[in-house]
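Working notes, structure below.
The values are calculated or read from the model by the stated rules, or taken from the named source; none is laboratory data. Just so you know, these numbers come straight off a predicted model, no measurement behind them. Note: ideal-geometry Cβ built from the backbone for every residue, glycine included; neighbour counts use all protein chains shown. In case anyone asks, the SASA skips ligands and DNA or RNA and just uses the protein heavy atoms, side chains included. Shrake-Rupley method; radii C 1.70, N 1.55, O 1.52, S 1.80 Å.
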Amino acid sequence: MAAAASPRKKITSFHPPQRVLLGPGPSNINPRVLAAMSLPVIGYFDPYFVEMMEELKTLLRYAFQTDYALTFPVSGPGSVGMESCFVNLVEPGDKVIVGRNGVFGGRMIENVERCGGIPIIVEDEWGTPVDPNKIDDAFKANPDAKLVAFVHAETSTGCASDAKSIAEVAHKHDAMVIVDAVTSLGGSPIKVKEWNLDAVYSGSQKCLSCTPGLSPITFSERAVDFVKNRKTKVQSWFMDLNLILNYWGNTVRTYHHTAPINSLFGLHESLLLLKEEGIENAWARHQRHYQALKAGLESMGMRYLVKEENRLPQVNTIYVPEGVKNEAEVRQRLLNEFNLEIGAGLGPLAGKVWRIGLMGYSAQSANVMLCLSALGSVLADLGLPVKVGEAEAAAHQSYATQHAAVAQKMRQSAVGKKK
Ligand SMILES: *Cc1c(COP(=O)(O)O)cnc(C)c1O
């Protein structure tokens with residue numbers, strides 16, 4: 001019997017709407033990056049491609065603030081970068097101290113277990129940093145621990161941890177560190193070489209503002225030596241760095257897997273944008289827009305989850321105001337009426353907080369203003385005591401104060417030079 005004819009909708013090309021992405025990633029993408037990605041595909045051994053790969057590694061070292069030879073983008077999202085660090089550095093039976101203060105620390109524990117390692121879990125409350133003293137205490141009970149793993153910028157809470165101090169503790173006990181820098185890279189200071197970090201992974205779609213699906217990683221010489229001299233084979237064929245380096249290294253170039261060619265064009269362009277801006281300027285830009293957003297949010301009576309000194313400028317986690325019955329409806333209205341995406345809370349924070357990201361190309365004043373006016377008007381419409389326009393005024397005032405402070409500093413340094 002012939003299949004019944006169904007009134008199927010004809011499939012046509014897919015055209016996503018233009019959104020303003022102020023969630024926990026992905027962030028909006030500079031048109032230069034999208035243009036680079038639409039250029040013709042070439043082979044992964046093409047001399048032009050090989051030259052671009054070398055530039056990409058140089059640019060990544062700049063972003064990570066390091067000179068580590070093993071620095072390249074893993075073909076896969078941040079989660080694959082995470083897994084690459086664990087499968088290469090954890091051998092069965094190894095003890096790994098993991099600091100958990102949010103969602104992503106929990107995933108690290110899962111990774112350790114799947115590698116046959118033994119996780120030693122150090123808990124800190126969600127919204128507070130990983131405590132280096134507790135890591136030190138964990139070594140007292142487990143002097144044979146080989147690694148410490150923690151998240152530098154917890155995207156689930158908006159909290160930064162002190163990577164430098166935690167690495168110092170680990171090294172004092174002759175252990176190495178695995179650091180999740182998915183959300184910090186390009187948005188707030190991470191100095192891989194100066195802080196002596198051993199294995200660091202990141203992601204392309206947060207403060208680097210490239211398309212999702214690539215994970216820059218960097219390994220110290222000590223970490224590379226460990227991988228080369230492992231007693232057991234890395235259990236993942238795809239992620240075994242000993243094999244991947246035959247393609248991404250700079251001596252031999254043999255086929256490993258087909259590189260995501262055009263995505264790499266995009267990452268090259270996004271890193272070039274970072275280099276052109278200057279990484280310190282990029283960090284300062286994230287701070288500036290965070291200050292303005294904060295002024296606006298606080299003028300609407302919003303409160304932050306994280307203490308000021310531990311806050312990430314790129315992830316603003318605020319409590320949902322009490323008068324809001326259904327927080328999902330607010331996010332939906334922002335999306336439908338203003339084309340604006342903000343993030344929800346995860347795990348124990350679900351329904352309790354919103355996460356407003358100011359990442360990479362999304363971190364600009366027009367977006368801060370849109371967010372404040374859109375959120376203000378939806379909340380006012382729901383009957384909350386919010387005066388539309390006040391938050392924007394507070395943000396403008398913050399920008400003005402910050403501009404004045406910068407101008408004052410420049411005048412002082414000009415006077416200093418004349419003397
Ligand atoms: C987003 C994120 C990841 C995962 O990255 P994906 O690209 O989504 O796989 C890991 N860690 C942190 C801290 C993140 O914010």
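The table for this structure:
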item: Electrostatic dipole magnitude of the chain [Cβ: Lys, Arg +1; Asp, Glu -1; Cα centre; debye, to 20]; result: 740 debye
item: DSSP-defined antiparallel bridges as percent of all bridges, the chain, nearest 5; result: 50 percent
item: Heavy-atom surface of the range 31-276, accessible at 1.4 Å and reported per residue (Å²); result: 38 Å²
item: Sparsely packed trypsin sites (Lys or Arg not before Pro) within the range 294-402, loop by DSSP, other Cβ within 10 Å at most 12; result: 303, 307, 325, 387
item: The range 363-419 pair-distance distribution - Cα-Cα, 5 Å bins, rounded %; result: 4, 18, 17, 15, 12, 9, 8, 6, 5, 3, 2, 1
item: Cut-off 15 Å between beta-carbons: net charge of the residues surrounding residue 251, Lys and Arg +1, Asp and Glu -1; result: +2
item: Normalised contact order of the chain, rounded percent, pairs of Cα under 8 Å and 6 or more residues apart; result: 21 percent
item: Net charge of neighbours whose Cβ lies under 10 Å from the Cβ of residue 196, counting Lys and Arg as +1 and Asp and Glu as -1; result: +1
item: Net charge of Cβ neighbours under 12 Å - reference residue 292; Lys, Arg +1; Asp, Glu -1; result: +1
item: Cα centre as origin, Lys/Arg/Asp/Glu Cβ charges: the range 283-419 dipole, Debye; result: 960 debye
item: Whole-percent carbon and sulfur share, accessible surface of the range 1-124, 1.4 Å; result: 61 percent
item: Surface accessible to a 1.4 Å probe, residue 238 within the full protein complex, Å²; result: 70 Å²
item: Lysine pairs with alpha-carbon atoms under 17 Å apart, the range 8-149, spacing 8 or more or separate chains; result: 4
item: Listed residues 223, 148, 247: farthest to the positive end of the dipole of the range 31-276 (Cβ charges); result: 247
item: Trypsin sites (Lys or Arg not before Pro) restricted to DSSP loop in the range 250-290 with at most 16 other C-beta within 10 Å; result: 253
item: Estimated dipole of the range 133-189 in Debye, rounded to 20 [Cβ of Lys and Arg +1, of Asp and Glu -1, Cα centre]; result: 40 debye
item: Between helix 261-277 and the chain: long-axis angle, C-alpha atoms, 0 to 90°, nearest 10; result: 60 degrees
item: Selection from 48, 82, 96 lying farthest towards where the dipole of the chain points positive, charges on Cβ; result: 48
item: Rg followed by Dmax, in Å, when the range 31-276 is reduced to its Cα trace; result: 17.4, 56
item: Hydrodynamic radius by Kirkwood, which averages 1/r over all alpha carbon pairs of the range 279-410, in angstrom; result: 15.1 Å
item: P(r) weight above 30 Å for the chain, C-alpha pairs, percent; result: 47 percent
item: Acute angle (nearest 10 degrees) that the helix 327-338 long axis makes with the longest principal axis of the chain, alpha-carbon atoms; result: 80 degrees
item: Sequence ranges 245-251, 395-401, ranked by mean other-Cβ count within 10 angstrom, highest first; result: 395-401, 245-251
item: For the range 156-268, the fraction of alpha-carbon pairs in successive 10 Å shells from zero, as %; result: 12, 37, 37, 14, 0
